[in-house]
Amino acid sequence: MTTNANRRESLMRVKEVAHELGQHPATIYRKVHDGSLPAVRLGTGRAAIRIDSHELAAWLEARHLTKGQP
């Protein structure tokens, strides 16, 4: 069972994802904006964007990529 606390722990900041993938944060923001990378917004307006680490792993696997590959 996934609790809100567990879900929060699995949410990564854009900078963290960019670092893990070896990409610039702007690239991650573009992927989120165009819908190719699943993410959630916390709040409204210029809300914080978070990427679930489990969804990121599935996204990478679907593209036959690993962390550290562009």
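Does VAL40 satisfy the condition of being at pLDDT 95 or above and either among the acidic types (Asp, Glu) or touching a strand residue (DSSP E or B) at 6+ places or on another chain (Cβ under 8 Å) (or both)? Here the answer is no, as VAL40 does not meet what is asked. For residues that are among the β-branched types (Val, Ile, Thr) and closer than 14 Å to LEU56 by Cα, scanning just the stretch 18-40, find the one that is least open to solvent (accessible area, probe 1.4 Å). The residue in question is ILE28. Per the conditions (1) open to solvent by less than 30 Å² (accessible area, probe 1.4 Å); (2) modelled with pLDDT under 95; (3) out of contact with any Leu (no Cβ under 9 Å at 6 or more places or on another chain), the sole criterion not satisfied by ARG8 is (1).
The values are calculated or read from the model by the stated rules, or taken from the named source; none is laboratory data. None of the values given here were measured: they were computed from a predicted structure. With ideal geometry, Cβ positions are generated from the backbone for all residues, glycine too; neighbour counts draw on all protein chains shown. Heavy atoms of the whole protein, side chains included, go into the accessibility calculation; ligands, DNA and RNA do not. Shrake-Rupley method; radii C 1.70, N 1.55, O 1.52, S 1.80 Å.
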